[in-house]
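Asker: Have a look at this one before I ask anything.
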Amino acid sequence: MERVDPELVEFDVRTDEMLINMGPQHPSTHGVLRLVLRTDGEVVTDVVPHIGYLHRCAEKIGEKISPRQWIPYTDRMDYLAGMNMNLGWAMTVEKLMDLEIPDRARHVRVMVCELNRIASHLVAAGTYGLDLGSFTPFLYCFREREKILDLFEEVCGARLTYSFITMGGVTGDLPPGWLDRCERFLREFEEVIPELHAVLTSNEIFVRRTAGVGVLTPETAIAYGCSGPVLRGSGVKWDLRRDGEPRVTRMYEDYDFEIIAQHEGSYPQDRDDYPPVPPEAVLGDSWHRFYVRMIECVQSIRLIRQAMAKYQGCDGPIGEPIKLTQKLPKGEAYLETEAPKGQMGFMVVSDGTAIPWRVRARSSCFCNLSVTSEICRGCLLADIPAIVGSLDIVLGEIDR
Amino acid sequence: MADYLVQFGLPVWLAYGGVALMQCLILLTIMMFAAATFTWMERKVSGRIQDRLGPTRVGGRFGWLQSPADGIKLLCKEDLMPAQADKILFRLAPYISFCASFCVFLALPFSNGWVAQQLNVAAFFILAIAGLEVFGVITAGYASASKWSLYGAMREAAQVVSYEVPFGICVLIPVMVAGTLDLVAIGNMQQGWGINWMIFHSPFMFVTFFIYLTCAVASTNRAPFDLAEAESELVAGFLTEYSGFRWSVFFMAEYGSMTAVSGLAAILFLGGWHGPIPIADLLGLTYSNHAILGWFGELLGACNFLFKAFLGVTFMMWLRWTLPRLRIDQVMTTCLKYCIPLAAAMFVGVMLWTYALPGGILPRKTPMAAVAEAPAWTTVETPGGDRP
């Protein structure tokens, strides 16, 4: 079905518009998001997102403690991708200190970050199925994610809030035998991907629920500062792993991977292992946003395999984390990394002491969420979960 | 049976009243048992589909006692009612739904003559009564004084009332072939080998069966048509404000309807209480041999019927745990643009087929053993006799 234009829908009976609070305790607003919907029957005429229910003053706390002490707080921002949050903050402080990390630590970082990207995308795919009323893919996705969490547990002892990547490297080397277990997971996961495509990506009802729903044009996406899969789903080939500043791209410099962006119905049609783009799908709709994530998982697998090979091939130190009370040089630094949900930026301003003078986090989900009122206007009530779910927001990161 | 009691000098009102009460109790037990079993099964089936175990703690390895445990939990819950709710309607709504769902069983035969009240318009009665269930939902949605509930209720009203039309046509097609609305008679017509089943009457009938299934899922509000309680959109739809015992009454009504529409499918399309092989006839379990043997034959038939109904419910569960939910406009499109025209076309198709090939194309096989003689209190239909 095409999107319903409220102008074109005729009503026999004109009733008053109804204001509905969707959330903050609604099952499909992914946490404590509150959407105020102005509805005319089933048609939503206006959507206003309200945030702030998960605000924990993380940035203010960052001004009271040293950068290494603040790492656990970054874990709790995008709690589905703690490694990537750690990475963003660690690299920002490294930039301020002008610190270089050994290659071995770099490859470990790539491994865990890409694993966490898969985990994050799995949650996105699973909960997206849930938003559309499909329960089973959720369990399949979480089963796979569970294996990633097991791997992380071996690495750092934590399953969700890792604090593993620190300034100067990582907190410890990989345990013996971990690479084999990681490889086993990758093999298992590769077998599951077609299953997920069958129950979600190419499922007839799924396509009808998502194709053409919540179309985000590339111009709008750029204007709102969208990033990550949301931006790439709109056809903009922009990924900080390739397009970021040198400190970020150097992390991936000798890696071979593709940036997944949808461009007018072309991308994976020459590939047999991905389901084709359905004819109903419009560039920048919910289906494409979902699809980009699914294919990014495949690219992450490639990256992890390369990182494992490189890690085995390089001897040397794993890097020494900085001291808890390490004095920071005077100055400021801002760095954006490519987190699973988009560009995660951290800023640190230092006055020369061990405690930063100002800490700031730029959230990708915040910008991604801000397009909601733009792209939800005129959709049906049932499309709201479909659109919000496809943006894949985490309120912990938005509110901080 | 009531007549039998009257012969012994009981007053007519007492005899009939007592028998009616007994039948109601039996049916209620069956319905409760079905609801409990299907709840447990739903958990197990969903567990298996989702690559997990399902309940394993209560009642041994397979969690047999999960349903009673849930029941006790629901009964012990605090009785909550929103302050703004319409008190009377809020209390009444679950029972309207439950009564409608329950009354369907009054006319649903479990085996030849095993029916609480054999009506000569049973199919019509079931359609009419099953349609009443929507009133309970609408009442619940209105009385809850919640916007989500109201949405659920309005969706239910639009959806169920629309699906009544193709559902009705699909029921009408076997009825047209059988030439009667009496479900016992329709069931008896399909006696013999599985090839006599209504679903194999013609290719059109075969298609009708699947349209019937689609409409049955939609009119019982099961996924992927569970828009009235779509939990990712409407929190819980019309059930949002319900909890505890009232919620469980709605729940039983839902499982009751699932069983009822599956049972109706079994009678109308899948041979009712007749298996694919006429075992009862082959073994001589007929009334013509002995009353007790005949009774056992009927018992076998009832098991057969319940098994088919059970298969139908399992199919619905399978759908629920596999498919995403449709959007309201897509649900209505499915009904108005596909189900109704298809059902109507099948109606015409079956009509022409019956007219052109009165004997059918498949050879009809009569049971090898003696033709079952139904007890005097049922309509006797000799197999293959009246069927066009």
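Asker: Quick one: would you say B:GLN50 is out of contact with any Lys or Arg (no Cβ under 7 Å at 6 or more places or on another chain) and within 14 Å of chain A (Cβ to nearest Cβ)? Walk me through how you get there before you give the answer.
Answerer: On the way: out of contact with any Lys or Arg (no Cβ under 7 Å at 6 or more places or on another chain): yes; within 14 Å of chain A (Cβ to nearest Cβ): yes.
In short, yes.
Asker: Something else now. Kindly indicate the residue of region B:162-209 that is of a type in the set (A, V, I, L, M, F, W, C) and closer than 19 Å to B:GLY297 by Cβ and also farthest from the chain's Cα centre (by Cα) among those meeting that condition. Talk me through it step by step, then tell me what you get.
Answerer: Here is the first cut: in region B:162-209, the residues of a type in the set (A, V, I, L, M, F, W, C) are B:165, B:167, B:169-173, B:175-178, B:181, B:183-186, B:189, B:193, B:195, B:197-200, B:204-207, B:209.
After this cut, where a residue has to be closer than 19 Å to B:GLY297 by Cβ as well, the list is B:183-186, B:189, B:193, B:197.
Details: B:LEU183: 13, B:VAL184: 15, B:ALA185: 18, B:ILE186: 16, B:MET189: 20, B:TRP193: 24, B:TRP197: 18 Å.
Across region B:162-209, the extreme among qualifying residues is B:TRP193.
Asker: Still on this structure, please answer the following. Which number in (1) touching a residue at least 60 places away in the same chain (Cβ under 8 Å); (2) within 30 Å of B:LEU234 (Cβ to Cβ); (3) under 23 Å from the mean Cα position of the chain (by Cα) marks the one condition that A:VAL44 misses?
Answerer: (3)
Asker: Just one of the numbered conditions (1) assigned to a helix (DSSP H, G or I); (2) in contact with a helix residue (DSSP H, G or I) (Cβ under 8 Å, 6 or more places away or on another chain); (3) away from chain B (no Cβ under 14 Å) is not true of A:ALA105; which one?
Answerer: Among (1) assigned to a helix (DSSP H, G or I); (2) in contact with a helix residue (DSSP H, G or I) (Cβ under 8 Å, 6 or more places away or on another chain); (3) away from chain B (no Cβ under 14 Å), the lone unmet condition for A:ALA105 is (2).
Asker: Being surrounded by fewer than 22 Cβ atoms within 10 Å (Cβ to Cβ), out of contact with any Leu (no Cβ under 9 Å at 6 or more places or on another chain) and either of a type in the set (D, E, K, R) or more than 14 Å from chain A (Cβ to nearest Cβ) (or both): is that true of B:PHE206 here? Steps first, please.
Answerer: Values: surrounded by fewer than 22 Cβ atoms within 10 Å (Cβ to Cβ): yes; out of contact with any Leu (no Cβ under 9 Å at 6 or more places or on another chain): yes; either of a type in the set (D, E, K, R) or more than 14 Å from chain A (Cβ to nearest Cβ) (or both): yes.
When the stated conditions are applied, B:PHE206 passes them.
Asker: Continuing with the same structure: Quick check: anything in region B:30-37 part of a helix (DSSP H, G or I), more than 14 Å from chain A (Cβ to nearest Cβ), closer than 17 Å to B:GLN117 by Cα and out of contact with any strand residue (DSSP E or B) (no Cβ under 7 Å at 6 or more places or on another chain)?
Answerer: Scanning region B:30-37, I find at least one residue that is part of a helix (DSSP H, G or I), more than 14 Å from chain A (Cβ to nearest Cβ), closer than 17 Å to B:GLN117 by Cα and out of contact with any strand residue (DSSP E or B) (no Cβ under 7 Å at 6 or more places or on another chain), so the answer is yes.
Asker: Within region A:319-400, considering only helices (runs of 4 or more DSSP H) that don't extend past its boundaries, which have at least 3 residues that are farther than 25 Å from B:ASP329 by Cβ?
Answerer: Details: elements: A:364-370, A:372-376, A:383-391, A:395-399.
Fully inside region A:319-400 and qualifying: A:364-370, A:395-399.
Asker: Another question, if that's okay. Can you name the residue in region B:126-174 that is more than 14 Å from chain A (Cβ to nearest Cβ) and of a type in the set (D, E, K, R) and is also surrounded by the most Cβ atoms within 10 Å (Cβ to Cβ) among such residues?
Answerer: B:GLU133
Asker: Could you tell me which residue of region A:133-149 is surrounded by the fewest Cβ atoms within 10 Å (Cβ to Cβ), considering only residues that are out of contact with any Gly (no Cβ under 7 Å at 6 or more places or on another chain) and more than 10 Å from chain B (Cβ to nearest Cβ)?
Answerer: It comes out as A:GLU146.
Asker: Only one of these conditions is not met by B:ILE49: (1) closer than 16 Å to B:GLY256 by Cα; (2) in contact with a Ser or Thr (Cβ under 9 Å, 6 or more places away or on another chain); (3) modelled with pLDDT of 85 or more. Which number is it?
Answerer: (1)
Asker: Scan region B:201-211 residue by residue and report those that are farther than 24 Å from A:SER134 by Cβ and part of a helix (DSSP H, G or I). Explain how you work it out, then say what you get.
Answerer: If we filter region B:201-211 for residues that are farther than 24 Å from A:SER134 by Cβ, which is where we start, we get B:201-209.
Result: B:PRO203, B:PHE204, B:MET205, B:PHE206, B:VAL207, B:THR208, B:PHE209.
Asker: Another question, if that's okay. Considering only region B:143-155, state which residues are of a type in the set (Phe, Trp, Tyr) and over 27 Å from the mean Cα position of the chain (by Cα). I'd like the intermediate steps shown before the answer.
Answerer: Taking region B:143-155 first, the residues of a type in the set (Phe, Trp, Tyr) are B:148, B:151.
Result: B:TRP148, single match.
Asker: Please state which one of A:THR217, A:THR210, A:THR161, A:THR171 is surrounded by fewer than 21 Cβ atoms within 10 Å (Cβ to Cβ) and closer than 22 Å to A:ILE384 by Cβ.
Answerer: Details: A:THR210 fails: surrounded by fewer than 21 Cβ atoms within 10 Å (Cβ to Cβ); A:THR161 fails: closer than 22 Å to A:ILE384 by Cβ; A:THR171 fails: closer than 22 Å to A:ILE384 by Cβ.
Within the list A:THR217, A:THR210, A:THR161, A:THR171, the selection yields A:THR217.
Asker: If I filter region A:174-183 down to residues being in contact with a helix residue (DSSP H, G or I) (Cβ under 8 Å, 6 or more places away or on another chain) and assigned to a helix (DSSP H, G or I), which single residue comes out as surrounded by the most Cβ atoms within 10 Å (Cβ to Cβ)?
Answerer: The first filter runs over region A:174-183 and keeps only residues in contact with a helix residue (DSSP H, G or I) (Cβ under 8 Å, 6 or more places away or on another chain), leaving A:174-175, A:178-179, A:181-183.
Keeping just the survivors that are assigned to a helix (DSSP H, G or I) gives A:178-179, A:181-183.
Values: A:TRP178: 15, A:LEU179: 17, A:ARG181: 14, A:CYS182: 23, A:GLU183: 13.
Filtering first and then ranking leaves A:CYS182.
Asker: Can you pull out the residues in region A:326-385 that are within 30 Å of A:VAL110 (Cβ to Cβ), surrounded by 19 or more Cβ atoms within 10 Å (Cβ to Cβ) and among the acidic types (Asp, Glu)?
Answerer: A:GLU336, A:GLU338
Asker: Inspect all residues belonging to region B:59-66 and state whether any of them is part of a helix (DSSP H, G or I) and loosely packed, with under 15 Cβ neighbours inside 10 Å. Talk me through it step by step, then tell me what you get.
Answerer: First, pick out the residues of region B:59-66 that are part of a helix (DSSP H, G or I): B:66.
If we keep only those that are loosely packed, with under 15 Cβ neighbours inside 10 Å too, we end up with none.
No; the residues of region B:59-66 include none that is part of a helix (DSSP H, G or I) and loosely packed, with under 15 Cβ neighbours inside 10 Å.
Asker: Yes or no: A:GLY225 surrounded by fewer than 23 Cβ atoms within 10 Å (Cβ to Cβ) and at pLDDT below 85? Walk me through it before giving the result.
Answerer: Working: surrounded by fewer than 23 Cβ atoms within 10 Å (Cβ to Cβ): yes; at pLDDT below 85: no.
The answer is no for A:GLY225.
Asker: Here's something else I'd like to know. Need pairs with beta-carbon distance below 6 Å; first residue within 7 Å of chain A (Cβ to nearest Cβ) and within region B:310-332, second of a type in the set (Ser, Thr, Tyr); sequence gap 6+ or separate chains.
Answerer: Hits for this filter: B:TRP321/A:THR136; B:TRP321/B:SER46; B:PRO324/A:SER134.
Asker: Could you list all residues from region A:135-161 that are more than 23 Å from A:GLY172 (Cβ to Cβ) and of a type in the set (Ser, Thr, Tyr)?
Answerer: A:THR136, A:TYR140
Asker: Something else about it: Scan region B:213-240 residue by residue and report those that are away from chain A (no Cβ under 14 Å) and either charged (D, E, K, R) or closer than 18 Å to B:GLY136 by Cβ (or both). Explain how you work it out, then say what you get.
Answerer: To start, the set of residues in region B:213-240 that are away from chain A (no Cβ under 14 Å) comprises B:213, B:215-216, B:219-220, B:238.
Matches in region B:213-240: B:SER219, B:THR220, B:PHE238.
Asker: Does any residue of region A:118-126 turn out to be assigned to a helix (DSSP H, G or I), within 14 Å of chain B (Cβ to nearest Cβ) and either within 30 Å of B:LEU323 (Cβ to Cβ) or in contact (Cβ under 8 Å) with a residue 12 or more places away in the chain (or both)? I'd like the intermediate steps shown before the answer.
Answerer: Restricting attention to region A:118-126, the residues satisfying the condition of being assigned to a helix (DSSP H, G or I) are A:118-126.
Now narrow it down to the ones that are within 14 Å of chain B (Cβ to nearest Cβ): A:125-126.
Still in the list and also either within 30 Å of B:LEU323 (Cβ to Cβ) or in contact (Cβ under 8 Å) with a residue 12 or more places away in the chain (or both): A:125-126.
Checked against the condition, which is being assigned to a helix (DSSP H, G or I), within 14 Å of chain B (Cβ to nearest Cβ) and either within 30 Å of B:LEU323 (Cβ to Cβ) or in contact (Cβ under 8 Å) with a residue 12 or more places away in the chain (or both), region A:118-126 yields at least one hit.
Residue-wise test of (1) within 14 Å of chain B (Cβ to nearest Cβ); (2) over 22 Å from the mean Cα position of the chain (by Cα); (3) at pLDDT 90 or above.
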site	(1), (2), (3)
A:ILE20	yes, yes, no
A:PRO24	yes, no, no
A:VAL32	no, no, no
A:ASP40	yes, yes, no
A:LEU54	no, no, no
A:ILE61	no, yes, yes
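Asker: Looking at A:SER300, A:SER350, which is the one that is in contact with a Leu (Cβ under 8 Å, 6 or more places away or on another chain) and closer than 30 Å to A:THR210 by Cβ?
Answerer: Values: A:SER350 fails: closer than 30 Å to A:THR210 by Cβ.
Of the residues listed, the single one that is in contact with a Leu (Cβ under 8 Å, 6 or more places away or on another chain) and closer than 30 Å to A:THR210 by Cβ is A:SER300.
The values are calculated or read from the model by the stated rules, or taken from the named source; none is laboratory data. Note that the structure is a prediction, hence the values are computed from the model and not measured. In this analysis, Cβ positions are derived from the backbone assuming ideal geometry, glycine residues included, and neighbour counts consider all displayed protein chains.
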